[in-house]
Amino acid sequence: MAKRTSVYLLVVAGLALTAGRGWAQEATGAQPATPAAPAEGTVELPKMTVETTTAKKVAKKPAPKKQAQSASTATPTPQLQTQPSGASRAETATGPVSGYNATRSATGMKTDTPLKETPQSITVVGAEQIRDMGAQSVQDALRYVPGVVADAYGLDSRSDGSFIRGTDPGEFLDGLRRTSNYYSYNYRIDPYFMERVEVLRGPASVLYGQAPVGGIINSVSKRPQDVQSGEISVEYGTFDFKQVKFDTTGLVTSDGKWSYRLTGLARDSETQVDYVDDDRYAIQPAISFRPDSNTSITLLGHFQKDQTGSSSQFYPIVGTLFPNVNGRTIPRDRFVGEPTDHYDTDVASGTLIAEHRFNSVFKLSHVSRYADIHNDYDSTYAVFWGGYTDPGVEETVNRTRWRAITDTQIFNQDTNLEAKFSTGILSHKVLGGVDHMNFRASQGTASAYDLSGFNVYNPVYGQGMWAGKDCSGNTYDGISTSLPSLEICSFADQKVTQTGLYIQDQIRLGNWIAVLGARKDWIENEADGTATQKDDAVSYRAGLMYEFASGFTPYASYGESFVPVVAAGGPFDPQKGRMYELGFKYQPVGANFAINSAIYDIAESNRLEYFPGYAVQTGAVAIRGFEIELTGKITQNLKVVGGYSYTDAQYDGEENKGNQLESVPKHLASMWGVWEFDQPYLKGWSVGAGVRYVGESWDSSNKIEVPDVTLFDAMIAYEEDDWRWSINAKNLEDKEYISTCLNRGDCWYGNARTITTGLTYKF
């Protein structure tokens, strides 16, 4: 690690020496030259002003005259005032991203802060990038983010499985954690409802409490805008993918105080696995009230119904990673379950976001959400730990059928007060707050076992020799030749409450920026059949940066994590971790791109290993790595995102000590670019291409190696004022590959080639 750190510091020094003339002036104590347009962050914190909440129009086109006329009737307050057509709009932490290079975020600080003033690694994937890549899931949207294994378990219709720096990330929505458990308590959010998807790498517990040491994914919902715009799209693609979606926003009243947004989609689709559909119906209404320039209140609703199954078939290692004795491999479209299997979810949630600025010093912010989730899961899958019933042929497997009905209610709230002031030569932005989570879940389960042996190469459905027990206590033992009706006899309840108090100070002294934070958490975990578990913890963070006039900002930071663990088989001890990070952020003055890089050292304890229906805690891990990324517009025509990450993630406990963490590749590399033509005969056309490299990974024993893979993506689009047509291809070569294999004996296929075309009408 010491050698890697030395090399890294030499790279940082080399970049710094070429970063610009301002460096030498600052190094000698001279004042740097003032740029023509002062970059935000070079002024003292008390002088910061509230950014306008207006954002650029969702559709990428000039505003029609009728829109300009409507906007001109709005009350000319700083928040509601519209700008002339063609004028640039200031980016906000929750608003649209212009191109690929976001400059601000609230995920790292819980305040609207420039990314270059945040001493931690953050990647922001905006709606334009999501659209260009044709992402149909959050998992799709994160494939080009360094340090993120986006397709950790290949195609999984139940959840967006990913790793950040070798750990399972926390999933947040608008700054509040979406759930405290895995897929049967959860639901997938669609990126079409998001303005941006942000990846914060490293601990965030000081601000969020329940945040894993590797990082979090915070999705930011689309919110009402004060410029009238809308779009409706129809899409068709591989596996009979059919989707209609729409998004419209604008002012409700002529005084500009009320605005709305309505976003929705309907999808009817199959998947690469037989008998597994991926249907979704969702709508997200939102309304905002801004009585004056200092106050805003937004109410977001989200209603979603998913009807799908489990595309995860838990195929055995022999037949996937290795051929069987007959030289055969299991087709990746093979369904090992029963056609009646399903994974159906109904979601209803409401989010309140409010903000009031009392004066130039104090601002009060509040966000709260209540979500009700109902999940009905019925799945038949291969019993990977039982092996084959006929090892001489290796073509049949035993199967388990597992059913779970889960009702989950989650209430989250976060209220904080921000104060900007000076103490002598120091400028401060202090944030203090309290957050609370109440998680309640009731789950009933039932199971049965097929002892007949299911032929994965010549499947026959609806038959089997099933063993199990009904609610009357009667057993059936290999006598049923048809699929039994599983009865759920009882429900087990679980309740987790968490309350946290936090404080953070963003301090500036000239070009020096420091961040200090602390938090106290109280957790109570109750589960039927187990004693109530109470935990508390104190978490800290610290960061130091220096901002050069050239746009080069090196930093060092430290953070701690604390995560209450909610899973079947609990209660469990909380996961705890800490991280040291050293990095830099470089955005040349006047440029529209950024280069960010970091090295880090992570330690974590009490992590979970999941099995169907339960989980166990496996001990400590040590993770060290390096990341570098490039985002933004390199030329007037070329938009690019690219990165590389090295992750040395090892078990650090007694079991498997020194082995690379299961399913975590050491090397990830990717590059995506879009070229927009401006020649008269090609104006409106754009082409994009991407390449993704995923290095080899291992099971926890480091005996089973999953080969590396290189995948290609592509895009062609044509856009004019009112229309946009596009076609996207992922895994262009239709490469068949294994995404991961686990020590327990099962493997997942990666995503097959998908081609999707869409036509959008903008109004």
Q) Given the C-alpha centroids of region 716-763 and region 153-225, what is the distance between them in whole angstrom? A) 21
Q: Apply the Karplus parameterisation 6.51 cos²θ - 1.76 cosθ + 1.60, with θ equal to phi minus 60°, to every residue of region 506-522 and state each ³J(HN,Hα) to the nearest whole Hz, in sequence, with x for glycine and proline.
A: 9, 10, 10, 10, x, 9, 7, 10, 10, 10, 10, x, 8, 8, 10, 10, 10
Q. In whole Å, what is the distance between the alpha-carbon centres of region 617-659 and region 449-513?
A. 30
Q | Nonlocal amide H pairs with ARG178, under 5 Å, H built at 1.01 Å | A | GLU171, PHE172, LEU173
Q.
Check which residues have an amide H placed less than 5 Å from MET194's amide H, if you skip close sequence neighbours.
A. LYS222
(Q) Exceeding 18 Å between C-alpha atoms, which entries from my cross-link table qualify? They are LYS110/LYS429; LYS429/LYS520; LYS363/LYS429; LYS666/LYS730; LYS110/LYS420. (A) LYS429/LYS520; LYS666/LYS730
Q) If you place +1 on the Cβ of every Lys and Arg and -1 on the Cβ of every Asp and Glu, how big does the dipole about the Cα centre of region 606-763 come out, in debye to the nearest 20? A) 180
**Q.** FRET efficiency, 1/(1 + (r/R0)^6) with R0 25 Å, evaluated for VAL460 and VAL325 via beta carbons
**A.** 0.70
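Say R0 is 41 Å: what FRET efficiency, to the nearest 0.05, do GLU733 and HIS428 get from their beta-carbon distance?
0.15
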Q | Those residues of region 351-373 whose amide nitrogen sits under 20 Å from the label point placed on PHE421, 7 Å along Cα→Cβ | A | 356-365
**Q.** For peptides 438-448, 748-758, sequence by mean Cβ density within 10 Å, most packed first
**A.** 748-758, 438-448
Q | Contour excess over end-to-end distance, with Cα ends at ILE297 and LEU501 and 0.36 nm allotted per residue | A | 71.1 nm
Q) Kirkwood Rh, region 93-193, all Cα pairs: how many Å? A) 14.6
**Q.** Reach of LYS469 by Cα under 14 Å, taken over aspartates and glutamates that are not fewer than 8 positions away in the same chain
**A.** ASP450, ASP477, GLU487
Q) Setting aside same-chain residues fewer than 8 positions from LYS576, which aspartates and glutamates have a Cα under 18 Å from its Cα? A) ASP168, GLU171, ASP521, GLU524, ASP535, ASP536, GLU560, ASP601, GLU604, GLU609, ASP652, GLU654
Q: In whole Hz, with x marking every Gly and Pro, tabulate ³J(HN,Hα) for region 348-357 from phi via Karplus 6.51 cos²θ - 1.76 cosθ + 1.60, θ = phi - 60°.
A: 9, 9, x, 10, 10, 10, 9, 8, 9, 9
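Gain in length, ASP477 to ASP268, computed as 0.36 nm per residue apart minus the alpha-carbon separation, to one decimal in nm?
Once the chain is fully extended between ASP477 and ASP268, it gains 71.3 nm.
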Q | Dipole magnitude of region 174-311 about its Cα centre (Cβ charges: Lys, Arg +1; Asp, Glu -1), debye to nearest 20 | A | 560
Q | Under 5 Å, built H, 5+ apart or other chain: amide partners of GLY214 | A | none
Q | Nearest-0.05 FRET efficiency for TYR281 and SER360, computed from C-beta distance (R0 45 Å) | A | 0.45
Q.
Can you work out the Karplus-derived ³J(HN,Hα) for every residue in region 243-260? Use 6.51 cos²θ - 1.76 cosθ + 1.60 with θ = phi - 60°, whole Hz, and x for glycine or proline.
A. 8, 10, 9, 8, 8, 9, 8, x, 7, 9, 10, 5, 7, x, 7, 10, 9, 9
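How large is Rg/Rh for region 209-304, to two decimals, with Cα atoms and a Kirkwood Rh?
Taking Rh as the inverse mean 1/r over Cα pairs, Rg/Rh reads 1.12.
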(Q) Testing the spin-label approximation: label points 7 Å from Cα along Cα→Cβ at MET671 and ASP372. State their distance in nm. (A) 5.2
Q. By how many nm would the segment from VAL687 to ASP255 grow when fully extended, if each residue of separation counts as 0.36 nm and the alpha-carbon distance is taken off?
A. 151.3 nm
Q. Which distance in nm do the two modelled labels at LEU759 and PHE411 give, with both placed 7 Å along the Cα-to-Cβ direction?
A. 4.9
Q. Among the listed pairs LYS222/LYS305; LYS245/LYS495; LYS639/LYS735, which are separated by more than 30 Å between their Cα atoms?
A. LYS245/LYS495
Q | Cβ charges +1 (Lys, Arg) and -1 (Asp, Glu), total dipole of region 347-488, debye | A | 860
Q | aspartates and glutamates whose Cα lies under 16 Å from that of LYS257, excluding same-chain neighbours fewer than 8 positions away | A | ASP226, ASP292, GLU355
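No value in this document is a laboratory result; all are computed from the given coordinates. In this text, all values refer to a predicted model and were calculated from it rather than measured experimentally. Cβ: placed from backbone, ideal geometry, glycine included. Neighbour counts: every protein chain shown.
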